[in-house]
Amino acid sequence: MTKRVAGKFGRRALWISPIVIVVGGFIAALHWLKPQNASFVTVLTAAMSIFVMGYTSILARRVQRRLDEVQIAHQEFANSRGWVWGLYATSLLLLLPPVTNLLIDLASMLSTGSPDRSNRTSVQVALFFGLALVALIQMVCIIIAAVIWERRMGAPEQS
Amino acid sequence: MKNRIRVLRAEKDWSQAELAGRVRVSRNSINAVENGRFDPSLPLAFRIADAFGLSVEEVFDKSDVSGGHLESG
């Protein structure tokens, strides 16, 4: 039994390892990448992003293949609600001045070193933050929708 | 949709996990179907009925068809 569980975890770890290696390697190489040619860095970043997106799509498809119809309905419920709720929540959040001010200051600080100065890079960073915020809040909303589904379906019997 | 899964399971002395293994779905899925919170597809309904050696009508109550899965309503 323990061997089976260990094997299951081992297989999962093996499947996830390419993403960990590529993203970890990229983060570790950030210092080395900074002084490199900008086009080279852009191409490398794009290649890494495409790999991560493609590989996660393959993983998602693989996981979905094993789901039964109730689990697929669960996933569809969580995704459909989570995506929409996430968009609404992010839009509402971005209407709040303290949140937008925080993001603008953070983007400016990271690019120019001052919250009062901004340049082209700060706009790029701000766009990235916006995208990351949408993805993050959508993920949270998907988890909330998944919990709602679980509660509606009821706790499994222990018999 | 009402069904007799709980009663039939008790007669056979099967746990939800055991039935789930026989019809190749998760235990949570059996729980959702058994409690009438999720209407199974025809193939799954047939698999459940087959596991008990009964017809679909003997397991599921067709007079109580709610008209769709939870997520559509």
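The values are calculated or read from the model by the stated rules, or taken from the named source; none is laboratory data. Since the structure is predicted, the reported quantities are computational estimates derived from the model, not experimental observations. Quick reminder, even Gly has a Cβ in these numbers, built from the backbone with ideal geometry, and neighbours come from all protein chains shown. Surface areas here come from the heavy atoms of the whole protein model, side chains and all, with no ligands, DNA or RNA. Shrake-Rupley method; radii C 1.70, N 1.55, O 1.52, S 1.80 Å.
Taking every Cα-Cα distance in the protein assembly as shown and sorting them into 10 Å bins starting at zero, the pair-distance distribution P(r) comes out as 7, 20, 24, 21, 14, 9, 4, 0 percent. In sequence order, the range A:75-89 has phi-based couplings of 5, 5, 4, 5, 5, 4, 6, x, 4, 5, 4, x, 5, 4, 4 Hz under the Karplus curve 6.51 cos²θ - 1.76 cosθ + 1.60, θ = phi - 60°, and Gly or Pro positions carry x. Summed over both chains, the accessible area lost when B and A associate is about 1600 Å², using a 1.4 Å probe. Other residues whose C-beta falls under 14 angstrom from the C-beta of A:Ile16 contribute a net charge of +4, scoring Lys and Arg +1 and Asp and Glu -1. Relative to the globular-protein estimate of 2.2 N^0.38 Å, the Cα radius of gyration of the range A:52-92 stands at 1.42. Only helices enter this figure: runs of n ≥ 4 DSSP H residues, each worth -39500 (n - 2.57), summed and divided by the residues of chain A, yield -29500 deg cm²/dmol at 222 nm to the nearest 500.
Which of rounded, prolate, oblate describes the range A:44-149, given a ≥ b ≥ c as roots of the alpha-carbon gyration tensor eigenvalues and a/c under 1.5 marking rounded, otherwise prolate only if a/b is larger than b/c? Because a/c hits 1.5 or more and a/b fails to exceed b/c, the range A:44-149 counts as oblate.
Across the range A:111-121, coupling constants 3J(HN,Hα) worked out from phi with the 6.51/-1.76/1.60 Karplus curve, θ = phi - 60°, read 9, 10, x, 9, x, 8, 10, 9, 9, 4, 5 Hz, and Gly and Pro carry x. For B:Asn3, the residues 5 or more places off, or on other chains, whose built amide H falls under 5 Å of its own are B:Asp61.
Taking the charge dipole of chain B about its Cα centre, with +1 at Lys and Arg Cβ atoms and -1 at Asp and Glu Cβ atoms, the residue from B:Phe60, B:Ser26, B:Pro43 reaching farthest to the positive side is B:Ser26.
In plain terms, the chain from A:Arg12 to A:Glu150 could stretch by 47.3 nm, reckoned as 0.36 nm per residue minus the Cα-Cα distance.
Peptide A:72-79 has a mean of 3 when you count, residue by residue, the C-beta atoms of other protein chains within 10 Å of its C-beta. For chain B, the 222 nm mean residue ellipticity estimated from helices alone, with every DSSP H stretch of n ≥ 4 adding -39500 (n - 2.57) and the total spread over all residues, rounds to -14000 deg cm²/dmol. Rounded to the nearest whole Hz, the Karplus-based 3J(HN,Hα) values (6.51 cos²θ - 1.76 cosθ + 1.60, θ = phi - 60°) of the range B:50-56 follow the sequence 4, 4, 8, x, 10, 8, 4, with x at glycine and proline. Each peptide among A:45-51, A:28-34 gets the average number of other Cβ atoms lying within 10 Å of its residues, and from highest to lowest they stand as A:45-51, A:28-34.
Summarised in one figure, the compactness ratio Rg/Rh of chain B, Cα atoms and Kirkwood Rh, is 0.93.
Computed across the range A:1-77, the Kirkwood hydrodynamic radius from all distinct Cα-Cα pairs reaches 15.2 Å.
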